[in-house]
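Worksheet for the structure shown next.
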Amino acid sequence: MTRAMRGRPASAATKSGTKKAEEHPRGRVAGVKFVLTAWLGRPLASFHLVLAVLGLLTVLGLTMVLSASPVVSAKTPGSTVYTVFIKQTLFVAAGSVLFWIGLRVPLRVIRSLSPYAMLGTVLSLMAVLTPLGANVNGAQSWFIVGPLSIQPVEFAKLALALWGAHVLVVKGKALRQYRHMLVPVVPVALLIFALVMLQPDLGGTVTLGVVLIALLWFAGAPLRLFGTIAAGGLAGVVLLAVGSGYRLSRVVNFLKPGDVEGAAFQSNQALYALADGGLFGQGLGEGRSKWEYLPNVQNDFIFALIGEELGFLGCVLVLGLFAMIAVVGMRIATRNIDPWIRMVAATLTVWLVAQAAINIGYVVGLLPVTGITLPMISAGGTSVVVTMLVFGILANCARHEPEAVAALRSQGPGKFGTLLRLPAPDPYNPPVRRKPARPSNPPRGADRPTGLSGRRTVPVELRREPRRDPRHGSRRGRVAPDRTAHGRGGYPRGAEGGRR
Amino acid sequence: MRVVRILLVIGLIATGVKLVQVQAFEAPALSAKSQRQRSATVDVQAVRGSIVDRNGSPLAFSVEVRTLSYRPQAMRKQWDQAAAKHPGQFDNYEAHSAKLAQRMQDVLGVDAHQMLAKLRSAAKFVYLVNNIDPSKARTITDEFPEVSAEVRAVRDYPGHNLASNIVGVANWRMDDPDTRNHNLHGLSGLESSLDLMLAGTPGHQVVDTEEGDDGVVIPGTVRQTQAAVDGSDVVLTIDGDVQYYLQEHLAAFAKKAGAHSASAVIMDAHTGEVYALANDKSFDPNKPTYDNAAMANPAVSNPYEPGSVNKVVTALASIEYGITTPTAVHEVPGQIQVADRTVHDAWSHGLLQMTTTGIFAKSSNVGTLELAQRVGPDRFSDMLKRLGLGQRTGIGLPGESPGSVPPRSQWSGSTFGNLPIGQGLSMTVLQMASMYQTVANDGVRVPPRIISAEVRPDGSRVQMPRPQGIRVVKPQTAITVRNMLRAVTQGAPYPNSGTAPQAALPGYQVSGKTGTAQQINPVTHTYSNSNYWITFAGILPADSPRFVVGIVLDRPVYTSPDGHSAAPLFHDVASFLAQKYNIPLSKTETPVVTLQLPS
């Protein structure tokens, strides 16, 4: 939602509005918009939206896995028709627990644990390359413990996001220097990339790259840096592609479509499935592609089956849900004031949505095929568990929006909160400032070397000023955030910088 | 953050736009391609109809089987390449084919070495095993998907040799270049002549199948169905039990008598339905190879000269036209001159006083010719025609011979000295039995039939049209002749004994007639004095006929005890029939009549 909508006075919910709606068709639209705005203006709207999207994605995912997997499942030695689906259900159950943990554990605890999580995942990524890990389909990516198989790279993504945000936020103003911007986040990330590429797992590396880029972006790194990364990434893709037969054939296939055999087989089958779906789809369960035509239909290419069985409408529903995540996630990021929460919420959102966009992109033939799964929908244990944990953290962030904090603290946790025994969120407490190194505190950016920040000639404060809605908090009749306790209630600018 | 949000949403929208392109604009073209790759036309086999006997017991039915085939050349290449590329992960072809051959030996019981030779041959395509159980084929193709299984059917003949000369044999034909037309077709017998009725019409349907396995049809995708029409079942008039008895005993008797061949028929006295039609030689159609000689059905295809059995024509004509009565006494000399030929009786005698009954019971050639002369050649020729001689009976079996009767216009002077005593004309055992059926059925000849009904795939039963009965003689004539012929089995003291007292069956009145016909010596082209057709035709019971039996033996050892008469076989068959069908005993014993006045 845009700020403009959010900024509408809630008190305008008077009879005049509905009257107007009855009189003019235009007024009816306005009325709907008004009701929507009023709903979105509630303090816990973001939280409820996250829950709703997660619920819908989970149900859709389970349904599609049930539809996609029986043929593959039955053909796997030692499994029955429902083995894959039952596994997925169990993983969703486990994921629900992690979701609850992510929602319940106070964010400051999560933040304080993030360095250990990072260390742990780096170690596990190393361990997976040893004989402790298992090689499935030519990638040394799994720990297999009894019936469970766990992919540490999924946890690495989350750990990188949490720890990266922590480090960048702590660095604060020091980020103005390249050295601080890049170290230690980038070297650690590169180490993880290297470990993941040793498995090898290109899809995992791409997602990790997305997380890194998101972190740097929200930390306010200069555009030039992204240009460099883009060039380096492209070179990396070429190198990797040339270095491995199957990747090269995927890229060649992407650049030169029409080849029906070999590498292009999967992409083509995905297009066939989508085309067979048309507008309304063949009907749930009626897909033909799952009968061994489309390899990996139950995980990487499940979107093609959605297109085939539920048609364009089903695809739009999925796209809409991920767009909703993008909007709600960014709304959570913008409405929070704790810079770590802001950065974490934004990064996690970018990760989820970018992963979905890349997956759907290669299924529909816009991108070369990488083994990236569709979050919450593809069958795949670790991915679903970690994604649900991410949703839990995102929902936790939503509960830390200042308005939500105020509402929850003043009016109690509500039914849902009571049910899940959720603790009241902590209001943001800015860190005690060290004495500035310089006598005065000039506007941000003013002291940057021009070479580093050439595009940003206007100081941040000045740039942000017009975007602040003067009506905030004053005429909206909301419960005002607790100003007295922290002196920085309302919507202060983040002192630690970063992009909005 | 707004920038990022917009970027993310734009990314999603871009995929949405591409989706519109794929799912709307390009959809028809892509759909057509995907349709092509997964739709398969599946042939639906028409099940060949069964052939069953009059009680519904199957004589022939079809069983679905699989034939395994392989592409040795292509597979050798594929496996060796895979093994070279990923050593350790894949077997090379030698190892793989050894595994396959071993598995086939375990599952199918075939010889692994033979299989290995086929698998390792340089051929592009080989058939590995024919006609195996579908579930076993499935075991193999599941483990070795490169082995393909063709759907076929085999014909099962549960009775083996039972009625095999009638039913014939059908086998799998692949002569048609269109594989969809490969099917079971008849080679001989009814399987061949009724092929159109039995085979049915194969159908087909279009289905979507799983990738890589056309055997797995995706549920709910069957369309464009052209239903297969199964073949009709054919119900015969044959009774399997009677057929078995006749076949066994005829073969045994022929062997005992040293006959070259033998045929016999049992038919219903009133309807002409054939209960059994046997030859001494039969074959087992379940075996892979057949003896061509044994596959024929000489009972319908080989006519023979009937000998004295044919005297019934004279008997019928002379009674019908009031020329004589059974008890009328005739002077029968030892020989008779007909045109340029002299005909003797089978035993030498002087002038005898014989009753009409006696002439036939003792089978006097001279007496018969005397009576025939009085009937006249025209009326005699007419009677032959009315009895169906020289014409096919239309029984429904392939290869039926009409026999041969010289046309009246071509008769020479001596012809009329031959025909009444059963030489110079030929008939099948069916035609012979049919003459006696006329006598048994009070003068109405009903041509014999062997196909009773067609049972269509929908279960409806279509009765084969009953042939029109032909009134040959007045009912009283037939009864009189039937009663006269009882004397053939009369076992009275000399000279009142008939020619076949062995044929008599205690408790039943039995009519019959023996026959001994000279065969032509192929070297001298004259009638031989050692090669005979031994024939017998009988009616059981004579007072209330149920069955007519005809028997012919070809060239038995005439001097052997069983070689000069088929009457003992008739006795056995009649005894079996009487028991099997619980035929009521005759009310009175056969009266003993005078055949020859004491001289």
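Every number in this text was worked out from the coordinates using simple rules, so none of it is lab data. In this text, all values refer to a predicted model and were calculated from it rather than measured experimentally. Cβ: placed from backbone, ideal geometry, glycine included. Neighbour counts: every protein chain shown.
List A:SER267, B:SER135 from most exposed to least, where exposure is judged by having the fewest other Cβ atoms within 10 Å. Mind dumping the intermediate values first?
Values: A:SER267 24, B:SER135 9.
By the 10 Å Cβ count, ascending: B:SER135, A:SER267.
Tell me the relative contact order for segment A:42-420 as a rounded percent, counting alpha carbon contacts under 8 Å between residues six or more apart.
Averaging sequence separation for qualifying contacts and normalising by length gives 27 percent for segment A:42-420.
If I model segment B:259-354 as equal point scatterers sitting on the Cα atoms and use the Debye formula, what is log10 I(q)/I(0) at q = 0.11, 0.12, 0.14, 0.23 Å⁻¹?
-0.62, -0.70, -0.84, -1.27
Kindly state, to the nearest 0.05, the FRET efficiency for A:ALA93 paired with B:ALA95, given R0 = 41 Å and r defined as their beta-carbon distance.
0.35
Counting other C-beta atoms within 10 Å, which of B:MET174, A:MET118 has the fewest, and how do the rest follow? Before the final figure, lay out the partial values.
Working: B:MET174 12, A:MET118 24.
By the 10 Å Cβ count, ascending, the order reads B:MET174, A:MET118.
Net charge near B:MET75: determine it from the other residues with C-beta under 13 Å of the C-beta of B:MET75, scoring Lys and Arg +1 and Asp and Glu -1.
Residues close to B:MET75 contribute a combined charge of +3.
Angle, helix B:365-375 long axis vs. longest principal axis of chain B, Cα atoms, 0 to 90°, nearest 10?
90
If you take the charge dipole of the protein assembly as shown about its Cα centre, with +1 on Lys and Arg Cβ and -1 on Asp and Glu Cβ, which of A:ALA230, A:HIS180, A:THR130 is farthest toward its positive end?
So the residue furthest toward the plus end is A:HIS180.
Per 10 Å bin, what is the whole-percent P(r) computed from every C-alpha pair distance within chain B?
3, 14, 20, 17, 12, 10, 8, 6, 4, 2, 1, 1, 0, 0, 0
Return the average number of partner chain Cβ atoms within 10 angstrom of each residue Cβ along peptide A:287-294. Each step should come with its number before you reach the end.
Working: counts 1, 12, 3, 2, 12, 7, 8, 1.
Counting Cβ atoms of other protein chains within 10 Å of each residue's Cβ and averaging gives 6.
Could you work out the mean count of beta carbons from other protein chains within 10 Å of each residue's beta carbon in A:326-334?
Working: counts 9, 3, 1, 4, 8, 2, 0, 3, 3.
Mean inter-chain Cβ contacts per residue within 10 Å come to 4.
With viscosity set to 1.306 mPa s at 10 °C, what whole-number translational diffusion coefficient in µm²/s follows for segment A:262-406 from Stokes-Einstein and a Kirkwood radius over Cα pairs?
Here the translational diffusion coefficient equals 99 µm²/s.
Over all alpha-carbon pairs in segment A:42-420, figure out the percentage whose distance exceeds 36 Å.
22
Between B:ILE520 and B:LYS580, what length comes free when the chain is fully extended (0.36 nm per residue of separation minus the Cα-Cα distance, one decimal in nm)?
So the chain would gain 17.7 nm between B:ILE520 and B:LYS580.
Can you give the charge dipole size of segment B:64-118 about its Cα centre, rounded to the nearest 20 debye, using +1 on the beta carbon of Lys and Arg and -1 on the beta carbon of Asp and Glu?
220
Stretch B:LYS33-B:TYR127 to full length: gain in nm at 0.36 nm per residue minus the Cα-Cα span? Display every interim value, and only then the final one.
Values: separation 94, 0.36 × 94 = 33.84 nm, distance 3.27 nm.
Extra length available between B:LYS33 and B:TYR127 comes to 30.6 nm.
How much length is gained on full extension from A:ASN429 to A:ALA230, taking 0.36 nm per residue of separation minus their Cα-Cα distance?
This chain segment gains 68.0 nm when fully extended.
Under 24 Å Cα to Cα from B:LYS18, which lysines show up? Leave out anything in the same chain fewer than 8 places away.
A:LYS256, A:LYS290, B:LYS33
To the nearest 20 debye, what charge dipole does segment A:42-420 have about its Cα centre, counting +1 at the Cβ of each Lys and Arg and -1 at the Cβ of each Asp and Glu? Write out the running numbers ahead of the final one.
Numbers: 23 positive and 13 negative charges, 290 e Å.
So the dipole magnitude of segment A:42-420 works out to roughly 1400 debye.
What shape does segment B:392-524 take by its C-alpha gyration tensor, where a ≥ b ≥ c are the square roots of the eigenvalues and a/c under 1.5 counts as rounded, a/b above b/c as prolate, and the rest as oblate?
It comes out oblate by the Cα gyration axes.
May I have the extent of the alpha carbons of the protein assembly as shown along their three principal axes, as whole Å values ordered from largest to smallest?
171, 73, 48
What does the structure give for B:22-29 when I average, per residue, the other chain Cβ atoms found within 10 Å of the residue Cβ?
6
With the Cα gyration tensor of segment B:1-91 giving a ≥ b ≥ c as the square roots of its eigenvalues, does the rule (a/c under 1.5 for rounded; else a/b larger than b/c for prolate; else oblate) give rounded, prolate or oblate?
Oblate shape, in that a/c is at least 1.5 and b/c is the bigger or equal ratio.
Got a sec? How would B:ASP80, B:ASP345 order by Cβ neighbour count within 10 Å, fewest to most?
Result, fewest neighbours first: B:ASP80, B:ASP345.
How about B:LYS77: which lysines have a C-alpha closer than 24 Å to its C-alpha, ignoring those fewer than 8 places off in the same chain?
Qualifying lysines at Cα under 24 Å: B:LYS85, B:LYS99, B:LYS118, B:LYS124.
If you average the alpha carbon positions of segment A:277-302 and of segment B:507-585, how far apart do those two centres end up, in angstrom?
Computed from Cα coordinates, the inter-centre distance equals 78 Å.
Rounded to the nearest 20 debye, what is the charge dipole size of segment B:168-309 about its Cα centre when +1 sits on each Lys and Arg Cβ and -1 on each Asp and Glu Cβ?
It comes to approximately 600 debye.
Could you pull out every one of the lysines with an alpha carbon less than 19 Å from that of B:LYS255, ignoring same-chain neighbours closer than 8 positions?
Cα-Cα hits under 19 Å: B:LYS281.
For chain B, what is the mean residue ellipticity at 222 nm derived from helices alone (per DSSP H run of n ≥ 4: -39500 (n - 2.57); sum divided by total residues; nearest 500 deg cm²/dmol)?
Theoretical 222 nm ellipticity from helices: -9500 deg cm²/dmol.
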